[in-house]
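None of the figures in this text is laboratory data; all of them are computed from the coordinates on show. Just so we're clear, the structure is a prediction, and the values are computed from it rather than from any experiment. For neighbour counting, all protein chains shown are included, and Cβ atoms are generated from backbone atoms with ideal geometry for every residue, glycine included.
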Amino acid sequence: MLILRLIGILLVITVGACFAAFVLTRDQRYLNVAWRVLRYAVIAALIIVSLFVLERVIVL
């Protein structure tokens, strides 16, 4: 669980840094990277949550 929290914190930092780089440089590339990282993070979070739910269903 600690590893998942660390990964989440790193994802937030990454998206924030990319957005800050976009604001400072107005280069669309940074916004595209931030969007891509955020999209894959949401997909990974949904998979992890569904595995937790599946584990609870199997245990019960």
Val33 vs. criteria of a type in the set (A, V, I, L, M, F, W, C), loosely packed, with under 12 Cβ neighbours inside 10 Å and in a helix (DSSP H, G or I)
no
Looking at this structure, is Val49 free of Cβ contacts under 8 Å to residues at least 12 places away in the same chain and either in a helix (DSSP H, G or I) or within 21 Å of Arg5 (Cβ to Cβ) (or both)?
yes
Do you know which residues across the stretch 1-30 are outside any helix (DSSP H, G or I) and among the basic types (Lys, Arg)?
Arg26
